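Trainee: So that we are looking at the same thing, I have put the structure below in structure tokens.
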Amino acid sequence: MLTHLSVRDFVIVDRLALEFSPGFTVLTGETGAGKSILVDALGLLLGGRSEAGLVRDGKERADLVAEFDISALPQVQDWLKKHELEGDPGVCLFRRQSDAGGRSRAFINGVPVTVQQMRVAGEMLVDIQGQHAHLSLLRSQVQRDLLDAFGGLAADAAAVAGAYREWRRLHDQRQAWEAQSSAAAAEARQLEWQIEELQTLNVQLDEWEALQAEHSRLAHAASLLEGAQYGLESLSEGDGAVLSQLSAVTSRLNELAAYDPELREALALFESAAIQVQEGCYGLRHYAQKIDLDPERLAQCEQRLQGIHECARKYGVLPAQLPAQLAQWRVRLEAVGGAGGGEALRRKEDAARAYYVDKAERLSAERRHWAAEMSSQVSGAMQRLSMKGGQFEAVLAPQPEGAAHGLEQVEFQVAVHAGTGLKPLAKVASGGELSRISLAIQVVATKAAEVPTLVFDEVDVGIGGGVAEIVGQMLRELGAERQVLSVTHLPQVAALGDYHWRVAKSEREGRMVSRIVVLEQQARVEEIARMLGG
């Protein structure tokens, strides 16, 4: 709950420090005294919009601090821990600074945060019902949000909205694909034809280099064979062959080496040369035996080389690059959806829609249950507010096509008196009746919520007489379970508060300032008497 509020240089407040207690606190004061400034300060602290004009004249910035006791709020503690915003155990500090130009800074437990983070955390701590709530209640979205809050369905509704957005994203993606499908299909067909051509040609990696080498060998087979045979003839087989000459030389030098050892070095070289020539001859003989004069294979090689070369020229690449080109085309074909891309998108869209419908139907079932419960409770509250025979019903109008909010529209309908038919809330003629119905809805909805602090800013506008006392009793009952702060102009409501504060405006050093006074018993009687006297 809210335990402390400090306000400095905000609108017409110079310095204000308030300590809050559990229960029902009322805030009163003369018209124009600034009763709603406290609510505005809380709203800014909880993530409201900062704008020019909020800073007290002559000051640079407004500074607002709120302290909350969160020892009994594990969901808030978990949120702070998740976002690394933990402070002292059981305590949470909100701070907002706003300059004269409307720029602001936000802090939670001394750590800078975004306004959105402050708003999310604030919604778990305080619920503010404004004096124009009965007007906002006329909007369908507000009615739906109230029903979801009453049933604790906010998380389910958010999940449905997320599922809807994903379905629509895939739907739009498929439609965009179909809008471009003509060009994409043409490109896909071209790619498929090109891929088929290269797959049929079946060029292997490094095949081009290997084919060129084989073709060169086959084309010059006769010359290669003649050269090998010439070498063999000259080295080992013909008259005066090199091997015969080397053999004769080594034999003669071997005899002479007995007379002069210096010949042994030359002898060794000739013997080595003879061995190498002999090995070379073995190699030439083996090579000559492998040479195949195969015109048919040569023709095949030439045909294959020509086919690869023509294909490469056709697509503007080198022959050796054809395998890589085939791989690129396959990747591109997958990208443009040539191989059933549209069908794949359609399957994803259908799956997303089915997921959305499942989530939305579950939410619809929960809404039907809580709509009946809310209708019963608000109808009961209307009886207490002197609307005997009045009836309230949260009507769910099917919306089969679906939307982010689900498969139905929520409409609050009322019968103001017994015997009258149900009509949309927006068609209730009397402002006083609308105020009472609005208050009944707000009290029931906030009672179901888990927010520990409830703020009612003149929600009793348009209500008076005996009904006003009942309003006070209802707020007091809420105060027995929650911390309730009500800004009111009704003495009947003020008299039922556990605590009573009075807002007063005075002039100081030529400037108007607003202050809040905690009223004790006698001062409280005097304030209620003033309110009764108008």
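Trainee: Name the pairs whose Cβ atoms lie under 8 Å apart, with the first residue in the stretch 160-171 and more than 9 Å from residue 356 (Cα to Cα), the second basic (Lys, Arg) and surrounded by fewer than 21 Cβ atoms within 10 Å (Cβ to Cβ), and 6 or more positions between them or separate chains?
Mentor: What qualifies is 170/348; 171/353.
Trainee: Kindly indicate whether any position in the stretch 280-288 is surrounded by fewer than 13 Cβ atoms within 10 Å (Cβ to Cβ), modelled with pLDDT under 90 and either more than 60 Å from the chain's Cα centre (by Cα) or in a helix (DSSP H, G or I) (or both).
Mentor: Step one: of the stretch 280-288, the residues surrounded by fewer than 13 Cβ atoms within 10 Å (Cβ to Cβ) are 282-283, 286.
With modelled with pLDDT under 90 added as a condition, the list becomes 283, 286.
Next, from what is left, pick out any that are either more than 60 Å from the chain's Cα centre (by Cα) or in a helix (DSSP H, G or I) (or both): 283, 286.
Taking every residue of the stretch 280-288 in turn, at least one turns out to be surrounded by fewer than 13 Cβ atoms within 10 Å (Cβ to Cβ), modelled with pLDDT under 90 and either more than 60 Å from the chain's Cα centre (by Cα) or in a helix (DSSP H, G or I) (or both).
Trainee: Then there's this: Regarding the stretch 390-400, can at least one residue be identified that is within 17 Å of residue 143 (Cβ to Cβ) and touching a Lys or Arg at 6+ places or on another chain (Cβ under 7 Å)?
Mentor: At the first step, the residues of the stretch 390-400 found to be within 17 Å of residue 143 (Cβ to Cβ) are 391-399.
Applying the additional criterion that residues be touching a Lys or Arg at 6+ places or on another chain (Cβ under 7 Å) yields 396.
Checking the stretch 390-400: at least one residue is within 17 Å of residue 143 (Cβ to Cβ) and touching a Lys or Arg at 6+ places or on another chain (Cβ under 7 Å).
For every residue, the table says whether it meets (1) modelled with pLDDT under 90; (2) among the basic types (Lys, Arg); (3) surrounded by 15 or more Cβ atoms within 10 Å (Cβ to Cβ).
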| position | (1), (2), (3) |
| --- | --- |
| 141 | yes, no, no |
| 148 | no, no, yes |
| 153 | no, no, yes |
| 157 | no, no, yes |
| 161 | no, no, yes |
| 164 | no, no, yes |
| 167 | no, no, yes |
| 172 | no, no, no |
| 178 | yes, no, no |
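Trainee: Which of the residues belonging to the stretch 1-41 are in contact with a helix residue (DSSP H, G or I) (Cβ under 9 Å, 6 or more places away or on another chain) and modelled with pLDDT of 90 or more?
Mentor: 2, 5, 7, 10, 18, 22, 23, 24, 25, 26, 27, 28
Trainee: Looking at the stretch 150-242, what helices (runs of 4 or more DSSP H) fall wholly within it and have at least 1 residues that are within 53 Å of the chain's Cα centre (by Cα)? Steps first, please.
Mentor: On the way: elements: 154-179, 181-201, 207-219, 221-232.
The helices (runs of 4 or more DSSP H) meeting that bar are 154-179, 181-201, 207-219.
Trainee: Residue by residue through the stretch 362-392, note down the ones that are touching a Gly at 6+ places or on another chain (Cβ under 9 Å) and in a helix (DSSP H, G or I).
Mentor: 363, 364, 366, 367, 369, 370, 371, 373, 374, 379, 382, 383 - these are the residues of the stretch 362-392 that are touching a Gly at 6+ places or on another chain (Cβ under 9 Å) and in a helix (DSSP H, G or I).
Trainee: Please count how many residues of the stretch 8-49 are in a loop (DSSP other than H, G, I, E, B) and among the hydroxyl-bearing types (Ser, Thr, Tyr).
Mentor: As a first pass, look at the stretch 8-49 and keep what is in a loop (DSSP other than H, G, I, E, B): 11-12, 20-22, 30-34, 46-49.
Adding the requirement that they be among the hydroxyl-bearing types (Ser, Thr, Tyr) leaves 21, 31.
Result for the stretch 8-49: 2.
Trainee: Mind checking which residues of the stretch 242-267 are within 23 Å of residue 230 (Cβ to Cβ), small (Gly, Ala, Ser) and surrounded by 12 or more Cβ atoms within 10 Å (Cβ to Cβ)?
Mentor: Selection gives 244, 247.
Trainee: Residues in the stretch 1-37 that are of a type in the set (Asp, Glu) and farther than 23 Å from residue 68 by Cβ: how many?
Mentor: Here is the first cut: in the stretch 1-37, the ones of a type in the set (Asp, Glu) are 9, 14, 19, 30.
Next, from what is left, pick out any that are farther than 23 Å from residue 68 by Cβ: 14, 30.
Total meeting the criteria: 2.
Trainee: Report, by residue number, each residue of the stretch 315-349 that is out of contact with any helix residue (DSSP H, G or I) (no Cβ under 9 Å at 6 or more places or on another chain) and in a helix (DSSP H, G or I).
Mentor: So in the stretch 315-349, the residues out of contact with any helix residue (DSSP H, G or I) (no Cβ under 9 Å at 6 or more places or on another chain) come out as 316, 324, 327-328, 331, 340, 343-344, 347.
Across the stretch 315-349, the qualifying residues are 324, 327, 328, 331, 343, 344, 347.
Trainee: Within the set of pairs 6 or more residues apart or between chains, which connect a residue that is within 16 Å of residue 5 (Cβ to Cβ) inside the stretch 44-63 to a residue that is in a loop (DSSP other than H, G, I, E, B) with Cβ atoms less than 6 Å apart?
Mentor: Final answer for the pair search is 62/54.
Trainee: Taking the stretch 400-426 as the search range and keeping residues that are assigned to a loop (DSSP other than H, G, I, E, B) and over 30 Å from residue 166 (Cβ atoms), which one is modelled with the lowest pLDDT?
Mentor: Here is the first cut: in the stretch 400-426, the residues assigned to a loop (DSSP other than H, G, I, E, B) are 404-405, 416-422.
Still in the running and over 30 Å from residue 166 (Cβ atoms): 416-422.
Values: 416: 86, 417: 82, 418: 82, 419: 79, 420: 83, 421: 86, 422: 91.
Among them, the one singled out is 419.
Trainee: Another one. Under 8 Å by Cβ, and 6 or more places apart or on different chains, what pairs join a residue from the stretch 224-235 that is under 10 Å from residue 288 (Cα atoms) with one that is assigned to a helix (DSSP H, G or I) and among the hydrophobic types (A, V, I, L, M, F, W, C)?
Mentor: 225/288; 228/284; 228/288; 229/288; 232/281; 232/284; 232/288
Trainee: Any chance the stretch 421-435 includes a residue that's touching a His at 6+ places or on another chain (Cβ under 8 Å) and buried (at least 19 other Cβ atoms within 10 Å of the Cβ)?
Mentor: yes
Trainee: Can you list residue pairs whose Cβ atoms sit under 9 Å apart, with the first residue in the stretch 71-86 being closer than 15 Å to residue 122 by Cα and among the polar types (S, T, N, Q) and the second being at pLDDT 95 or above and in a helix (DSSP H, G or I)? Count only pairs 6 or more apart in sequence or on different chains.
Mentor: none
Trainee: Another question, if that's okay. Taking the stretch 358-396 as the region of interest, how many residues are at pLDDT 90 or above and either more than 30 Å from residue 463 (Cβ to Cβ) or hydroxyl-bearing (Ser, Thr, Tyr) (or both)?
Mentor: Total meeting the criteria: 14.
Trainee: Return yes or no: is residue 456 at pLDDT 90 or above, buried (at least 19 other Cβ atoms within 10 Å of the Cβ) and not small (Gly, Ala, Ser)? Please lay out each step first, then the result.
Mentor: Details: at pLDDT 90 or above: no; buried (at least 19 other Cβ atoms within 10 Å of the Cβ): yes; not small (Gly, Ala, Ser): yes.
In short, no.
Trainee: Continuing with the same structure: Filter the stretch 50-76 down to the residues that are assigned to a loop (DSSP other than H, G, I, E, B) and under 33 Å from the mean Cα position of the chain (by Cα), then identify the one that is surrounded by the most Cβ atoms within 10 Å (Cβ to Cβ).
Mentor: Restricting to residues being assigned to a loop (DSSP other than H, G, I, E, B) and under 33 Å from the mean Cα position of the chain (by Cα), the top hit is 70.
Trainee: Give me the residue from the stretch 485-516 that is farther than 21 Å from residue 466 by Cβ, in contact with an Asp or Glu (Cβ under 9 Å, 6 or more places away or on another chain) and among the β-branched types (Val, Ile, Thr) and, out of that set, surrounded by the fewest Cβ atoms within 10 Å (Cβ to Cβ).
Mentor: Filtering first and then ranking leaves 513.
Trainee: Run residue 127 past the list (1) out of contact with any Lys or Arg (no Cβ under 8 Å at 6 or more places or on another chain); (2) closer than 30 Å to residue 478 by Cα; (3) part of a helix (DSSP H, G or I) and report the number of the one that doesn't hold.
Mentor: The failed condition is (3).
The values are calculated or read from the model by the stated rules, or taken from the named source; none is laboratory data. All values reported here derive from a predicted model rather than from experimental measurement. Reconstructed Cβ throughout: ideal geometry from the backbone, glycine too, with neighbour counts over all protein chains shown.
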